[in-house]
1. What is the helix-to-structure angle for A:129-142, meaning the angle in degrees between its Cα long axis and the longest Cα principal axis of chain A, kept from 0 to 90 and rounded to the nearest 10?
2. Quantify, in whole percent, the carbon and sulfur part of the accessible surface of chain A (1.4 Å probe; protein heavy atoms only).
3. Can you compute the modelled spin-label distance between A:Q151 and B:L124, with each label point 7 Å from Cα toward Cβ, in nm?
4. Looking at this model, which pairs from A:K111/B:K232; A:K93/A:K121; A:K121/B:K243; A:K93/A:K125; A:K80/A:K311; A:K89/A:K204 are more than 20 angstrom apart at the alpha-carbon?
5. Per residue, how much accessible area does region B:2-84 have with a 1.4 Å probe, in Å²?
6. As a test, work out the antiparallel percent of DSSP beta bridges whose residues both lie in the protein assembly as shown, rounded to the nearest 5.
7. Given a 1.4 angstrom probe, I'd like the percentage of the accessible area of chain B that is carbon and sulfur, rounded to a whole number.
8. So, in Å, what gap is there between the alpha-carbon centers of region A:99-143 and region A:171-236?
Amino acid sequence: MAEILLQVKNLKSVYKTRFNERIIAVDDVSFDLESGKCLGIAGESGSGKSTLAMSIMGYYHPPLFYESGAVYISGVDITKLPYNQLREKILGKEIAYIPQAAMNALNPTQKIINLVADVMKEHVKGISFNDVKKIAEERFETLNLPKDVLQRYPIELSGGMKQRTVIAISTILNPKILIADEPTSALDVTSQKIVIKLLKNLIKRGFIKAMVFITHELPLLYNIADDIMVMYAGEIVESGKAEEVIFDPIHPYSNGLMNSIIVPEKGIKGKKLIVIPGAPPNLKYKLEGCRFSDRCLYAKDECKTSKVNMKYVNNSRSYRCISQVDELKEMYKDGKKPATT
Amino acid sequence: MKSYRKYMTSKIAWYILTFVVAVFLNFLLPRLIPGNPVSTIVSKITSGMADTNSIKRVYETFEKEFGLNKPIWEQFMIYVSNLFHGNMGTSFGQYPRKVTDILASSIVWTIGLQLPAIIVSWILGNVLGVLAAYIKKGFDRILFPVFLFISCIPSFGFAIVMVWLFAVVLKIAPASGGYAFDMIPSPTFSFFLSVFQHYQLPFWSIVLVGIGGQSLGMREMSIYELNADYVKYCRLLGLRDSKIVKYVFKNAVLPQITGLALSLGTMVGGALITEIVFSYPGLGSVLFNAIAAQDFPLISGCTLLITTGVLVANFLIDIAYGLIDPRIKVAQRE
Ligand SMILES: Nc1ncnc2c1ncn2[C@@H]1O[C@H](COP(=O)(O)OP(=O)(O)O)[C@@H](O)[C@H]1O
Ligand code: SF4
Ligand SMILES: [Mg+2]
């Protein structure tokens with residue numbers, strides 16, 4: 001069995017707002033990430049994907065607070081580490097991050113090479129600027145990035161180039177795990193493809209060992225993910241192998257996410273549609289029963305009241321719904337497709 | 001690069017045009033003040049003379065010397081051609097001293113007081129501002145209201161409070177002047193000691209007022225920068241906070257450079273009130289007295305010096321910004 005690089009156990013994170021509200025944005029999330037794998041996390045905007053990314057990296061800055069659970073990276077529970085040790089030993093070195101808005105992720109008044117130098121000097125004792133330059137140029141060349149980018153300021157780079165540069169910087173120290181939070185969302189289709197190719201290349205060449213790829217477009221994960229977790233209102237609602245979740249979703253929410261792309265509406269053929277009417281519940285209220293019940297077309301009375309736990313189909317496949325798999329499949333087959341808007 | 005040169009050429013052309021207009025206004029405006037300064041001087045000199053004829057002769061001599069009997073446009077031509085020879089005329093009020101001499105001796109005091117004060121307050125203000133934004137908690141909770149309070153007091157009010165507290169109540173510093181009034185400037189230890197003692201109150205009153213405003217602006221800017229995406233990204237790359245605060249400081253301080261250059265450029269005018277409160281022998285006091293005495297040449301000289309300072313400062317800002325900030329460098333190139 002492959003080595004487990006990242007293990008998340010019952011992780012819970014909460015936003016504490018000024019009005020004394022507690023928003024549990026990551027609720028009891030557990031998963032393992034094995035060496036060589038890419039885990040995709042999909043869910044609508046606001047479902048807690050970015051918060052999960054921050055929590056995995058131990059980035060707890062107000063208003064976000066750690067509540068409970070554990071995150072093991074290389075066997076160490078980083079939720080128990082003091083910030084300084086987390087920073088010195090883990091961040092950038094064991095686990096690295098590509099932000100959602102890479103457009104603004106670079107300091108506008110700093111040349112790329114100087115940021116690379118600062119990052120490397122922080123983690124590699126006594127490294128000289130010349131060595132940094134050599135390593136960075138070599139890495140940029142290997143990743144098909146023009147190496148004169150290193151001598152430029154962020155403003156001189158296009159959106160796609162900025163994103164690729166950020167990816168190269170984040171992985172310069174060969175971190176074991178890379179967390180990419182919507183790395184392609186702000187890009188045009190051509191740049192999206194280049195970025196995805198680059199990310200795959202990183203794993204292939206062994207610059208990183210495993211990756212978590214976050215997106216709000218479930219079908220996008222088909223190109224890159226081995227496994228997929230679908231997230232809704234802070235919870236994991238389904239997880240499994242990529243092809244299974246994409247082509248054979250169990251949970252009504254995953255099913256809806258897939259239909260939202262496939263089913264074209266008359267007149268606007270091929271256009272993306274919002275097929276799941278309604279919006280996720282407000283997490284500041286205490287939620288009972290299934291969190292999806294307000295929007296679920298297959299909801300029963302008991303869905304609103306009883307707590308819904310994860311059910312295991314086999315050891316790689318699980319979902320969070322009171323209905324049985326056959327029952328759901330039957331309903332999907334009946335053509336009781338979610339209504340389009 | 002070609003378009004950068006074009007950008008600079010048109011900038012320089014605008015600066016020269018502004019300067020020409022300024023020279024004209026600096027000449028004209030003081031002379032529009034109603035009243036006759038020559039008769040004031042003459043009446044001072046001839047006090048005790050009874051002979052109206054000789055008083056009239058003295059008056060005419062002076063009018064001729066100052067060129068006031070000529071039409072105003074001719075006076076202007078003479079003024080400009082003298083300017084080219086570095087001659088700003090003779091002071092009415094401090095006759096027969098040359099305007100250039102008066103300016104030269106007083107500007108030493110002004111720069112000696114203002115330059116260190118502005119730089120010290122700028123540096124301290126910016127460092128305190130960024131620290132307040134970064135540390136927050138107790139540090140910010142105490143400093144922020146104090147800064148706010150200080151920056152709301154007009155500078156003369158603050159200067160007067162300083163005089164009252166340290167010179168009148170505590171008696172640990174002299175209240176006015178640049179050195180003890182019974183001294184003659186000389187390169188002796190006791191003279192320098194006196195200068196140093198007289199320096200403290202005006203210096204610190206400028207510094208403290210400056211820190212108040214400077215740190216507030218810097219605090220605002222730093223809070224904005226600390227919330228920027230690059231700060232979060234750098235933290236997740238494992239960079240230490242001291243490094244990140246340096247980035248934030250650099251980015252937040254860039255816009256403050258304009259403020260620094262402007263206060264350097266307006267040094268003379270800015271010091272006016274503080275210098276008057278402390279009777280400090282700088283340009284501010286000279287200008288104040290020149291206005292009171294309707295000393296046209298001296299007023300024109302002072303204002304010309306101030307204008308030149310402001311223009312040079314702005315010009316340097318334009319150049320410095322282009323060198324420091326890549327965003328502007330690119331914008332200039334385009
Ligand atoms: N700074 C914040 N303060 C309070 N609540 C927040 C904050 N950021 C996010 N949230 C809440 O956390 C939830 C999850 O947000 P996020 O993790 O950004 O979702 P996603 O990345 O999936 O779009 C949102 O529904 C939002 O209500
Ligand atoms: S538990 Fe009920 S409401 Fe929730 S997804 Fe399943 S069927 Fe729908
Ligand atoms: Mg997000």
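The values are calculated or read from the model by the stated rules, or taken from the named source; none is laboratory data. Everything quoted here is computed from the prediction, not taken from an experiment. In this analysis, Cβ positions are derived from the backbone assuming ideal geometry, glycine residues included, and neighbour counts consider all displayed protein chains. Quick note on the areas: whole protein, heavy atoms, side chains included, nothing else; ligands and nucleic acids left out. Shrake-Rupley method; radii C 1.70, N 1.55, O 1.52, S 1.80 Å.
1. The two axes meet at around 50 degrees.
2. Details: 7980 of 15700 Å².
Looking at chain A in its full context, I get 51 percent from C and S.
3. According to this spin-label approximation, the distance is 4.4 nm.
4. A:K80/A:K311; A:K89/A:K204
5. Values: 5820 Å² over 83 residues.
Normalised by residue count, the accessible surface of region B:2-84 is 70 Å².
6. Numbers: 32 of 51 bridges.
So the antiparallel bridges in the protein assembly as shown amount to around 65 percent.
7. Values: 12530 of 17610 Å².
Summing carbon and sulfur atoms, their accessible area is 71 percent of the total for chain B.
8. 21 Å
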